[in-house]
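Please treat every number below as a calculation from the coordinates, not as lab data. This structure is a prediction, so every number in the text was calculated from the model and none was measured. Glycine gets a Cβ as well: all are built from the backbone with ideal geometry, and neighbour counts include every protein chain shown.
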Amino acid sequence: MKTVTRPAIRQMVFLLIALSRTIITIAFWIATRISFRIQVRGQQHDKRLPSTYFGMAHRRDLDPIILIPIITFFRGWSALSNSLHFALRGDAFSPGFLARIVMEPRFIARFLRPINAGTVLPWLGALPLESLFRPTEEWIRELLRVSGDARAGDLLAPMIIYELAHASGESYEQIAGARLSQLLAWRYQAPLQHFYSSEIILGPARRKIDQRLVARMKQQIIDLGAWLQSGGSVLGSPEGQLSPDGTFRPINSALHRILRYAPASTTILPWYPTYDYMTTRRRISVFIEIGTAIENAPTLSKEQLEQQLYHSWIQAARFTCSLLASGFVMEASRAERSFTLDELSVAIHRQALSLAEAGRHVDRQLLHPGQARKLAARFLAYARRHHLVYRSGPNAWAPSPTHYNIKVRPMEVIYDMAPLLYCWNELQALLGEQGGMEGPDDGL
């Protein structure tokens with residue numbers, strides 16, 4: 001009987017990994033092309049060097065699903081076999097993550113909730129990168145591991161008990177007296193998705209959980225740095241989370257810590273996705289822009305690295321109808337004046353021409369008056385449907401009142417609840433070369 005050698009086994013494992021990644025990557029490619037019109041520009045900036053960190057400006061949870069097929073197909077066999085890893089938020093490796101991403105329709109979320117994506121994600125090259133902000137559901141699972149199935153009122157802060165009671169219609173006493181495992185029932189699923197720090201945990205359990213979490217985070221950073229040290233590549237989000245309001249977030253300290261363990265030759269390749277989603281088109285346009293590479297990133301100072309990264313994102317980003325039209329409507333809102341479709345389309349066409357002449361990237365359809373008017377009409381139809389404008393006269397429209405101070409919970413975004421403000425904030429960030437806005441850093 002012929003003995004299978006260790007190199008042969010290793011080769012079979014590599015082939016199996018490559019086959020699995022190929023199938024999933026093709027599935028990602030097909031699914032995203034069905035839902036989006038995706039354009040990619042700037043591939044010439046990727047020299048296919050080893051030890052590359054693909055740094056994406058994080059705009060949607062879908063970003064990795066869109067970017068992974070682009071990177072793997074461009075880089076070829078090595079990326080499909082094992083060279084590309086991507087850092088994914090830690091809760092993605094626990095049951096409930098898929099339901100957290102797909103909250104509606106509810107029957108699909110309920111079907112997805114028991115599925116643990118963490119069993120297959122490592123096969124796809126995913127590596128966890130924990131955050132100090134986690135969904136309440138994840139803190140409860142952590143408490144079950146550390147403290148057992150204790151009473152909820154003994155370990156969870158009163159604010160969480162009140163939140164669950166309000167959402168479920170039960171009394172505070174009922175929730176406080178329930179066991180932790182009972183809180184994982186489906187009827188509590190929606191309020192359990194809010195993100196909090198460990199401040200919601202009471203007593204000695206909090207310190208123990210904090211120590212476990214910080215230890216995991218440190219090891220995960222070391223692992224990602226070691227992967228770059230070995231010549232592998234990593235897809236990650238330097239900001240550490242989705243942009244909640246369209247502006248840039250501060251660069252997370254995790255990136256700088258990863259680079260401490262990476263080789264000096266590590267290259268950061270900035271990626272900027274723009275979603276032209278304020279439209280009535282069935283398939284919205286997504287522009288994936290690859291910016292100028294930052295070579296020898298670990299040798300740069302923290303300030304130099306962040307400045308170059310923001311600059312590359314800003315210069316690579318493509319201006320869309322959603323961005324320019326949002327800017328027009330917000331200006332009309334401040335001036336308290338009405339406008340017509342012709343005024344809107346002419347304004348965004350002229351601004352697109354001005355930006356293109358200045359060397360910025362714009363949706364080329366905006367450079368043609370007729371096509372710009374079609375895009376503007378779809379934008380206006382979207383704005384009417386979402387009550388962002390109202391009819392003020394024959395062929396005239398006026399902006400609805402805009403609330404500028406919208407508060408969101410940690411890790412949440414406003415692009416659905418306030419799309420006009422989100423796009424306007426993104427437009428301002430791209431027009432002015434400013435760094436990230438002030439905010440908490442959940443790195444180590």
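For this structure, a couple of remarks:
- In terms of the mean number of neighbouring beta-carbon atoms within 10 Å, the peptides 233-242, 158-167 order highest first as 233-242, 158-167.
- For K208 and R33, a Förster radius of 41 Å and the Cβ-Cβ distance give a FRET efficiency of 0.30, rounded to the nearest 0.05.
- Spatially near lysine pairs across the chain, Cα under 30 Å, sequence gap of 8 or more or different chains: 4
- Helices assigned as whole DSSP H runs in the chain whose Cα atoms extend at least 30 Å along their own long axis and whose mean Kyte-Doolittle hydropathy is 0.5 or higher are found at 6-35.
- Model label sites at A226 and R283, defined 7 Å from Cα along the beta-carbon direction, differ in position by 4.3 nm.
- Taking other C-beta atoms within 10 Å as the exposure proxy, T274, T299, T136, T5 rank T5, T299, T136, T274 from fewest upward.
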